[in-house]
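Note sheet for the following structure.
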């Protein structure tokens with residue numbers, strides 16, 4: 001049986017580099033971690049029922065403060 005893959009987005013807390021990975025549920029529990037390609041900080045670590053593959057750098061656009069304030073008041 002093929003497991004469904006879901007695209008998950010992560011942001012490095014060290015340098016704000018963006019990444020996406022495919023999350024899926026393997027037949028056995030998995031563990032691992034992914035380090036930022038820019039600053040080498042750990043972006044995400046996991047242990048349990050999900051695994052993450054196909055990590056890829058993506059562009060994360062900055063959020064304008066005005067947009068955040070406007071959404072919070074609506």
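The values are calculated or read from the model by the stated rules, or taken from the named source; none is laboratory data. If you're wondering where the values come from, they're calculated on a predicted model, not measured in any experiment. For neighbour counting, all protein chains shown are included, and Cβ atoms are generated from backbone atoms with ideal geometry for every residue, glycine included.
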remark   = Residues of segment 12-38 being in a loop (DSSP other than H, G, I, E, B) and either closer than 29 Å to residue 62 by Cα or touching a helix residue (DSSP H, G or I) at 6+ places or on another chain (Cβ under 7 Å) (or both), in sequence order, are 12, 13, 14, 15, 16, 17, 36, 37, 38
remark   = Scanning segment 55-74 for residues that are modelled with pLDDT of 75 or more and surrounded by fewer than 10 Cβ atoms within 10 Å (Cβ to Cβ) gives 59, 61, 62
note = The number of residues in segment 19-46 that are more than 11 Å from the chain's Cα centre (by Cα), under 19 Å from residue 3 (Cβ atoms) and surrounded by 11 or more Cβ atoms within 10 Å (Cβ to Cβ) is 7
query = Taking segment 43-58 only, how many residues are under 11 Å from residue 32 (Cβ atoms), touching a residue at least 24 places away in the same chain (Cβ under 8 Å) and in a strand (DSSP E or B)?
reply = 5
